[in-house]
Each structure stands twice: as C-alpha cells, then as structure tokens.
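See structure below.
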Amino acid sequence: MDKKGSGAFVRNVLLLLLLAALGLGVYAFIRDGRPPVLGLSPQGSAASYNTDFTLTLKTRDIGLKNLSIYASQDGRSVEVLKRSFDGKPLEHTEIFRLPRDTAFKEGPIELSIEARTHSLLFFLGRGKASLVRKYTLDFTPPHVTVNQGVHNVNQGGAGAVSFTVSKPVQRVGVAVGEYFFPAFQQKSGDYFCYFAMPYDMPPGSFKPRVMVRDLAGNEATQTLYIYAIPKNFKFDKLNVSDEFLNDKMSQYSAQYPQEQSPLDIYKRVNSELRKQNEVDLRRIAEDTSNSTLWSGPFLRLPNAAGRAGFGDQRDYFYNGMKIDHQTHLGVDLASLANAPVPAANDGKVAFAGFLGIYGNCVIIDHGLGLQSLYSHLDSMDVAKGAEVKRGQFIGKTGTTGLAGGDHLHFGILISGVQVSPVEWWDEHWIQDNVLKHLNRQQ
Ligand SMILES: [Zn+2]
C-alpha cells in the first residue's frame with residue numbers, strides 16, 4: 001500500500017467513526033428526551049375524598065426521577081403528592097386520594113400531574129410529561145328511601161326489598177354480614193334486591209343494611225328493620241361405607257392424585273371441594289339477568305318423597321368414627337330412578353356440567369340474582385345459555401357427585417348463597433315476601 005492509499009484509508013475510517021459517533025449521539029439524544037407516558041383513572045368526572053385515583057407512569061429507556069400532583073380550585077392550588085424515586089424505575093403506579101384538609105368546596109377542580117425522567121437535558125424541558133384532568137367534587141351522600149318494611153325472614157331463608165336512591169350510584173345492594181347482595185334497577189327507577197339470611201347466622205346478628213355508593217364514592221347505608229325467625233335444623237348421621245367410597249371416588253381421583261385411599265379422597269372432596277363449589281356458585285351467580293324471568297310458585301319434582309332437608313346438620317361416620325361435619329344446603333327429592341326433572345320456573349341456563357360434589361348439575365337463572373340448582377343428574381338435556389320454560393324437562397335424576405342413591409338435590413340460590421327451597425314452593429310466601437316488593441317495580 002502506498003502513502004496516498006493509506007492516507008485515504010485513514011480518512012475513510014475516521015469518517016466512518018465520526019458517522020457512527022454522530023448516529024450514537026442522535027440515538028442517545030432521542031432516547032434521553034423521551035417523556036414518560038401517564039395514565040390516570042377514574043376517567044369519570046365525579047370525585048370525592050373517597051375517590052381512589054390511580055396514576056400509572058411508564059418510561060422506555062431511562063428511569064423515572066420525580067412526580068408531583070397538584071389540585072386546584074378557584075385559583076387556589078394545593079399540593080397532593082410529591083415523590084422522588086429511589087433508583088430509576090421504568091414504571092410506577094401511584095394510588096392516591098385528595099387530602100381531606102384541602103378544604104375544597106363541591107364543584108369543579110383540576111388535577112395537574114407532572115413527571116420527569118433522568119434526562120440529562122432536563123433544563124431544555126426534555127423527559128417531562130404533564131397531564132391535566134378536570135373533576136367535579138361531590139360530597140353529598142346518596143339518600144336511600146326503603147319503600148316498605150320487610151317483616152320477617154326465616155333463618156336460612158330469603159327476603160326481598162325495594163327502595164329508591166336519590167342519585168345515580170355505582171354500587172348498590174344489601175349487606176348481610178360478610179355477604180353482599182346486589183340490587184337491580186327497575187324500569188320505574190327504583191331498586192329491587194333479594195337477600196338471604198344465611199343458615200349459620202345467629203338471628204341476633206342478622207342486621208341487613210342497604211348500602212349504596214355514588215359515582216363520586218360517597219356512601220350511605222340504611223338499616224332494614226326485620227324480625228329474624230330462628231330455625232332449628234335437623235341433626236343427621238351419615239355412614240360412609242366402603243362400597244360408597246369405591247363407587248364414588250373414581251369421579252374425583254384425577255383431581256386428587258396424591259391421595260392413596262378412597263377415604264382420603266372423600267375427606268378432601270367433602271370439605272375442600274365443597275368449599276370450592278360454594279365459590280363456584282357465587283361466580284355462576286354473577287351471570288344473572290337484569291329482569292325477572294319467572295312467575296308463579298316454583299315446581300317441586302313430581303311424585304317425589306322428601307329425603308334430606310335444607311340446613312340438615314350432618315355428622316359423617318366411617319367404621320363408627322366421626323370423620324366430618326357438613327351442612328346440607330338443599331332438599332333431596334327421591335322419585336323413580338332416572339326420573340325426568342322439570343325446570344322449577346322460567347329462566348335461562350347459567351350452568352350445565354360437572355360441578356364437584358353436585359356431580360352433573362344444571363343451574364337456571366331466574367333473574368336479579370335468583371337461581372335454582374338441580375344436581376346428581378344422570379343426564380342433562382340443556383346447555384348453558386338455553387332459555388327454559390317452567391316444567392320443561394332439563395335432565396334425568398341420577399347418582400353423580402356425592403349421591404348415595406338416585407335422587408334430585410334441589411337448591412335455590414340468592415346471588416350464589418344457598419337458601420331454603422321450601423319457601424319458593426309456597427305461593428303465599430312468594431306473594432307476601434317477594435311479589436309485594438317486586439310488583440311495585442313493574
Ligand atoms: Zn342433597
């Protein structure tokens with residue numbers, strides 16, 4: 001290579017290096033300046049001191065440096081939150097409320113949010129994002145007017161109530177202990193709600209309350225004045241035989257592969273799976289119609305003898321040893337083997353399939369959280385989503401699930417909580433306890 005050639009080579013290399021450095025510089029400049037992306041919920045315009053605002057911050061390359069949130073009203077600005085980040089997180093979620101001591105009035109406010117990254121050229125305003133959102137402060141709780149007093153509710157039974165609420169709400173229903181029964185707005189604008197008095201709640205603890213939360217997060221409650229009628233539930237002894245275990249546990253062995261004996265599987269099915277099924281029922285109950293689908297008393301399996309009742313307290317024995325205690329939460333009806341099972345009332349199939357202890361099980365939704373359950377079926381003639389009429393055959397009785405002999409286990413559920421079906425076979429009870437409140441609505 002001559003001198004001239006080597007000089008050109010060096011120049012070319014230097015040029016390439018220069019271009020590469022320039023490219024890197026441009027890339028670093030762009031990367032350095034990218035602002036964080038901000039997201040703020042709720043989007044809605046109503047807010048109060050109870051509103052949980054959720055702010056999300058995201059950057060792509062260089063981490064977050066700081067964040068500030070201000071609220072302003074009528075030209076007065078108040079600091080809500082200031083944060084400098086440890087390390088350089090690429091994302092952050094901040095849940096905040098307006099401080100109560102801001103002493104804002106009801107009416108419009110503005111939230112101003114500013115967030116910065118670790119941009120080196122911050123003094124040029126780079127790596128900065130801001131967001132301004134308008135809300136209307138509302139501190140007036142909704143007012144609930146119960147249309148008429150509910151008189152009596154049986155332990156393990158159902159009740160219904162209708163009421164008006166003075167403003168739009170986001171959550172509305174009746175709270176009973178740990179349970180919450182959603183209410184449904186009717187054409188008239190009033191709300192209607194079925195609720196249950198759980199079988200295991202002492203009558204003295206039964207204090208159902210209407211609970212509402214408006215769009216701004218203001219809450220109100222209204223106690224219902226109800227007399228709880230205590231019930232004495234039957235005690236029952238069940239002997240678990242080897243024949244029963246050998247026959248039934250094959251249904252569940254795949255679910256509990258670590259258990260060696262049918263008895264060990266049984267213990268888990270009868271306790272764990274039973275509990276899981278209660279959760280399943282609550283989930284299935286969410287799939288309910290906003291309108292009433294049923295009319296008239298519910299049908300009972302024809303020509304059937306009542307076996308076990310609702311709320312029966314069952315002690316389970318194996319070889320004379322007590323191995324478990326559970327509560328029976330339906331009514332067992334025995335007819336001929338493989339007897340056709342009629343839908344108890346009009347509705348829409350919310351579930352049809354194998355459901356743990358219930359075996360082959362159909363659940364029919366009757367609207368507003370009311371559902372009926374048919375279990376231990378030998379065969380099912382309907383699928384989820386099908387509309388059924390009162391009396392229409394939906395399957396045949398059988399022994400699937402935890403059933404010793406051929407029978408129908410029939411249940412009624414209020415938002416997934418099991419109640420005594422007996423009330424729903426009684427036209428007078430329905431008239432006095434349900435239709436009186438429901439008919440106001442239609
Ligand atoms: Zn049963």
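Residues to consider are S112, S77, S41, S84; find the one that is surrounded by 15 or more Cβ atoms within 10 Å (Cβ to Cβ) and of a type in the set (S, T, N, Q). Can you show your working first?
Values: S77 fails: surrounded by 15 or more Cβ atoms within 10 Å (Cβ to Cβ); S41 fails: surrounded by 15 or more Cβ atoms within 10 Å (Cβ to Cβ); S84 fails: surrounded by 15 or more Cβ atoms within 10 Å (Cβ to Cβ).
Selected residue: S112, the only one of S112, S77, S41, S84 that is surrounded by 15 or more Cβ atoms within 10 Å (Cβ to Cβ) and of a type in the set (S, T, N, Q).
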Evaluate region 237-255: report whether one residue or more is within 16 Å of the ligand (Cβ to nearest atom) and either closer than 30 Å to F96 by Cα or among the aliphatic types (A, V, I, L, M) (or both). yes
Note on A403: of the conditions (1) over 30 Å from V161 (Cβ atoms); (2) in a strand (DSSP E or B); (3) within 13 Å of the ligand (Cβ to nearest atom), unmet is (2)
Among strands (runs of 3 or more DSSP E) completely within region 274-389, the ones holding 1 or more residues that are more than 13 Å from the ligand (Cβ to nearest atom) are 312-318, 321-328, 340-342, 347-354, 360-367, 370-380
Single match in D247, D242, D200 (criterion: out of contact with any Gly (no Cβ under 6 Å at 6 or more places or on another chain), free of Cβ contacts under 8 Å to residues at least 12 places away in the same chain and loosely packed, with under 14 Cβ neighbours inside 10 Å): D247
Search result, residues across region 325-369 that are more than 23 Å from K275 (Cβ to Cβ) and among the aliphatic types (A, V, I, L, M): L333, A334, L336, A337, A339, V341, A343, A344, V349, I364, L368
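I'd like the full set of residues that are of a type outside the set (F, W, Y) and surrounded by fewer than 19 Cβ atoms within 10 Å (Cβ to Cβ), limited to region 180-197. Break it down into steps so the answer makes sense when it comes.
Step one: of region 180-197, the residues of a type outside the set (F, W, Y) are 182-183, 185-190, 193, 196-197.
Hits for region 180-197 are P182, Q185, Q186, K187, S188, G189, D190.
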Restricting attention to region 413-430, and to residues there that are in a strand (DSSP E or B) and more than 13 Å from the ligand (Cβ to nearest atom), which single residue is farthest from G330 (Cα to Cα)? I414
State the number of residues belonging to region 310-327 that are touching a Lys or Arg at 6+ places or on another chain (Cβ under 6 Å) and either surrounded by 16 or more Cβ atoms within 10 Å (Cβ to Cβ) or polar (S, T, N, Q) (or both). 2
Any residue in region 36-63 that is without any contact (Cβ under 8 Å) to a residue 40 or more places away in the chain and not assigned by TED's automatic domain parsing to the domain that holds N218 sitting within a Cβ distance under 8 Å of a residue that is surrounded by 17 or more Cβ atoms within 10 Å (Cβ to Cβ) and of a type in the set (S, T, Y)? List the pairs, counting only those 6 or more apart or interchain. P42/T51
Which residue pairs have Cβ atoms closer than 8 Å, lie 6 or more positions apart in sequence or on different chains, and pair a first residue in region 365-378 that is touching a residue at least 60 places away in the same chain (Cβ under 8 Å) with a second residue that is within 16 Å of the ligand (Cβ to nearest atom) and assigned to a loop (DSSP other than H, G, I, E, B)? S372/A344; L373/G330
How about region 96-109: which of its residues are out of contact with any Leu (no Cβ under 8 Å at 6 or more places or on another chain) and surrounded by fewer than 13 Cβ atoms within 10 Å (Cβ to Cβ)? R100, D101, A103
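What residue, of I364, I394, is within 27 Å of V174 (Cα to Cα) and crowded, with 19+ Cβ neighbours inside 10 Å? Steps first, answer last, please.
Numbers: I394 fails: within 27 Å of V174 (Cα to Cα).
Criteria check complete, one pass: I364.
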State which residue pairs qualify: first residue assigned by TED's automatic domain parsing to the domain that holds K58 and inside region 78-107, second residue in a loop (DSSP other than H, G, I, E, B) and of a type in the set (S, T, N, Q) in any location, beta carbons under 7 Å apart, and separation of 6 or more residues or different chains. L90/T59; R97/T51
Hey, among the residues in region 390-400 that are assigned to a strand (DSSP E or B) and either within 17 Å of V331 (Cα to Cα) or among the hydrophobic types (A, V, I, L, M, F, W, C) (or both), which one's farthest from the ligand (Cβ to nearest atom)? F393
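If you check A343, A383, which single one turns out to be assigned by TED's automatic domain parsing to the domain that holds L301, aliphatic (A, V, I, L, M) and surrounded by 20 or more Cβ atoms within 10 Å (Cβ to Cβ)?
Numbers: A383 fails: surrounded by 20 or more Cβ atoms within 10 Å (Cβ to Cβ).
Step by step, each of A343, A383 is checked, and only A343 is assigned by TED's automatic domain parsing to the domain that holds L301, aliphatic (A, V, I, L, M) and surrounded by 20 or more Cβ atoms within 10 Å (Cβ to Cβ).
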Residue check, R268 among the basic types (K, R) and more than 16 Å from the ligand (Cβ to nearest atom): yes
One residue is enough: does region 236-249 have a residue meeting the conditions in contact with an Asp or Glu (Cβ under 8 Å, 6 or more places away or on another chain) and within 25 Å of Q371 (Cα to Cα)? no
Any residue in region 407-429 that's without any contact (Cβ under 8 Å) to a residue 60 or more places away in the chain: show its pairings with residues that are more than 14 Å from the ligand (Cβ to nearest atom) at Cβ separation under 8 Å, as long as the two are six or more apart or on different chains. W429/E423
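Just to be sure I understand, how many residues within region 142-164 are part of a loop (DSSP other than H, G, I, E, B) and either of a type in the set (A, V, I, L, M, F, W, C) or at pLDDT below 95 (or both)? Walk me through how you get there before you give the answer.
Going through region 142-164, the residues part of a loop (DSSP other than H, G, I, E, B) turn out to be 142-143, 147-151, 155-157.
Next cut, either of a type in the set (A, V, I, L, M, F, W, C) or at pLDDT below 95 (or both) only: 147-151.
The total comes to 5.
The values are calculated or read from the model by the stated rules, or taken from the named source; none is laboratory data. Keep in mind that what you see is a predicted model, and the values were worked out from it rather than measured. Here Cβ is always computed from backbone atoms with ideal geometry, including for glycine, and neighbour counts include all displayed protein chains.
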